[in-house]
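Student: Here it is: the structure, laid out below.
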Amino acid sequence: MRNEMEMLLKLQEIDYQLGELERSKDYLPDMVSNLEKEIHDTNNALKQTEEELKKQNLEKKHLELEVDSLNQELSKFQKQMRVIKTNREYDALTTEISNRKLKILENEDKILELMGSVDEFEEKLVELKKKKERVNTNNTAQLKTLKREIDSVGTKIKIKEDERRNVTVRIDKRLLATYERIKKGRGADVVVVVKKGACGACYKSLPPQRIQEIKMGNGIITCDSCGRILIWTGE
Ligand SMILES: [Zn+2]
């Protein structure tokens with residue numbers, strides 16, 4: 001019986017590993033898409049920042065050119081000021097001049113604002129370039145490993161299944177059937193250790209007589225509450 005228990009534990013260990021391999025079929029591709037998404041998002045953020053910076057620099061250039069031409073108009077009007085003859089001409093020219101001055105001030109405010117923003121975006125761009133470098137290097141390496149892992153899952157499962165067959169042929173058919181039935185109903189933990197006088201899975205306490213029987217290891221003893229196979233490892 002002790003030997004069969006060892007085989008059962010071995011079987012359970014193989015089933016844990018098989019379960020993990022099956023789960024990896026889901027989570028490995030998820031990890032791949034997360035890493036790919038991070039590369040994609042970082043590249044996009046960099047591209048957007050570059051475009052925004054370009055747009056702001058263009059707008060700044062445009063405003064500076066406008067200020068230049070406003071200044072030229074201004075000096076033209078100021079020359080005309082020296083040769084005007086009527087009050088009406090004077091009023092009209094004064095309005096033109098103050099409109100231009102106002103517009104120049106407005107543009108200069110916007111240019112200052114843009115200069116601050118351009119600085120910010122240039123700093124952001126430096127950070128994003130560093131991040132892109134880092135993410136590309138790290139994620140590409142991880143992706144390579146993950147893809148290799150994904151490719152080998154099938155083979156690993158086959159190896160484990162062979163191992164499982166080699167173990168199951170050495171276990172009594174009725175005991176194996178019990179194991180499979182519990183596994184189907186309760187999941188991966190079929191053989192559980194007695195802990196603090198109770199079932200290690202459902203924590204239902206065990207009578208001393210039952211614990212004694214488990215210690216002896218003379219037969220298969222299952223938990224009254226959850227039905228799992230109980231073993232003693234000397235708590
Ligand atoms: Zn139990």
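Student: Which of (1) farther than 30 Å from Leu21 by Cβ; (2) within 11 Å of the ligand (Cβ to nearest atom); (3) assigned to a helix (DSSP H, G or I) is the odd one out, the single condition Ser225 does not satisfy?
Tutor: Ser225 satisfies all of (1) farther than 30 Å from Leu21 by Cβ; (2) within 11 Å of the ligand (Cβ to nearest atom); (3) assigned to a helix (DSSP H, G or I) except (3).
Student: What number goes with the only condition from (1) under 35 Å from the mean Cα position of the chain (by Cα); (2) closer than 30 Å to His62 by Cβ that Gly187 does not pass?
Tutor: (2)
Student: Within segment 181-197, which residues are outside any loop (DSSP other than H, G, I, E, B) and loosely packed, with under 14 Cβ neighbours inside 10 Å? Outline the logic, then answer.
Tutor: Initial filter on segment 181-197 (outside any loop (DSSP other than H, G, I, E, B)): 181-186, 191-195.
Matches in segment 181-197: Arg181, Lys184, Gly185, Lys195.
Student: Considering only segment 162-175, I want to know if a residue exists there that is over 40 Å from the mean Cα position of the chain (by Cα), within 14 Å of the ligand (Cβ to nearest atom), surrounded by 14 or more Cβ atoms within 10 Å (Cβ to Cβ) and not β-branched (Val, Ile, Thr).
Tutor: No - not one qualifying residue is present in segment 162-175.
Student: Return the only residue of Gly197, Gly187, Gly217 being more than 12 Å from the ligand (Cβ to nearest atom), small (Gly, Ala, Ser) and touching a Lys or Arg at 6+ places or on another chain (Cβ under 6 Å).
Tutor: Values: Gly197 fails: touching a Lys or Arg at 6+ places or on another chain (Cβ under 6 Å); Gly187 fails: touching a Lys or Arg at 6+ places or on another chain (Cβ under 6 Å).
Going through Gly197, Gly187, Gly217 in turn, the sole match is Gly217.
Student: Quick one: Asp41 ticks every box in (1) of a type outside the set (Ser, Thr, Tyr); (2) closer than 30 Å to Ser117 by Cα; (3) surrounded by 15 or more Cβ atoms within 10 Å (Cβ to Cβ) except a single one, so which number is it?
Tutor: So Asp41 meets the others, but not (3).
Student: Going residue by residue through segment 151-159, is there one that turns out to be touching a Ser or Thr at 6+ places or on another chain (Cβ under 8 Å), within 27 Å of Asp26 (Cα to Cα) and either assigned to a helix (DSSP H, G or I) or within 15 Å of the ligand (Cβ to nearest atom) (or both)? Talk me through it step by step, then tell me what you get.
Tutor: Going residue by residue through segment 151-159, those that are touching a Ser or Thr at 6+ places or on another chain (Cβ under 8 Å) are 153.
Now drop any that are not within 27 Å of Asp26 (Cα to Cα), which leaves 153.
Then keep just the ones that are either assigned to a helix (DSSP H, G or I) or within 15 Å of the ligand (Cβ to nearest atom) (or both); that gives 153.
For segment 151-159, residues touching a Ser or Thr at 6+ places or on another chain (Cβ under 8 Å), within 27 Å of Asp26 (Cα to Cα) and either assigned to a helix (DSSP H, G or I) or within 15 Å of the ligand (Cβ to nearest atom) (or both): present.
Student: With the requirement that a residue be surrounded by fewer than 15 Cβ atoms within 10 Å (Cβ to Cβ) and either in a strand (DSSP E or B) or away from the ligand (no atom under 11 Å from the Cβ) (or both), what does segment 200-214 give you?
Tutor: At the first step, the residues of segment 200-214 found to be surrounded by fewer than 15 Cβ atoms within 10 Å (Cβ to Cβ) are 203-205, 207-209, 212.
Selection gives Ser205, Pro207, Pro208, Gln209, Gln212.
Student: Looking only at segment 98-118, decide whether some residue is surrounded by 14 or more Cβ atoms within 10 Å (Cβ to Cβ), in contact (Cβ under 8 Å) with a residue 60 or more places away in the chain and under 26 Å from Glu51 (Cα atoms).
Tutor: yes
We did not get these values from a lab; they are worked out from the coordinates using the rules stated. A quick note: this is a predicted structure, and the numbers were derived from the prediction, not measured. We place every Cβ from the backbone using ideal geometry, glycine too, and count neighbours over all the protein chains shown.
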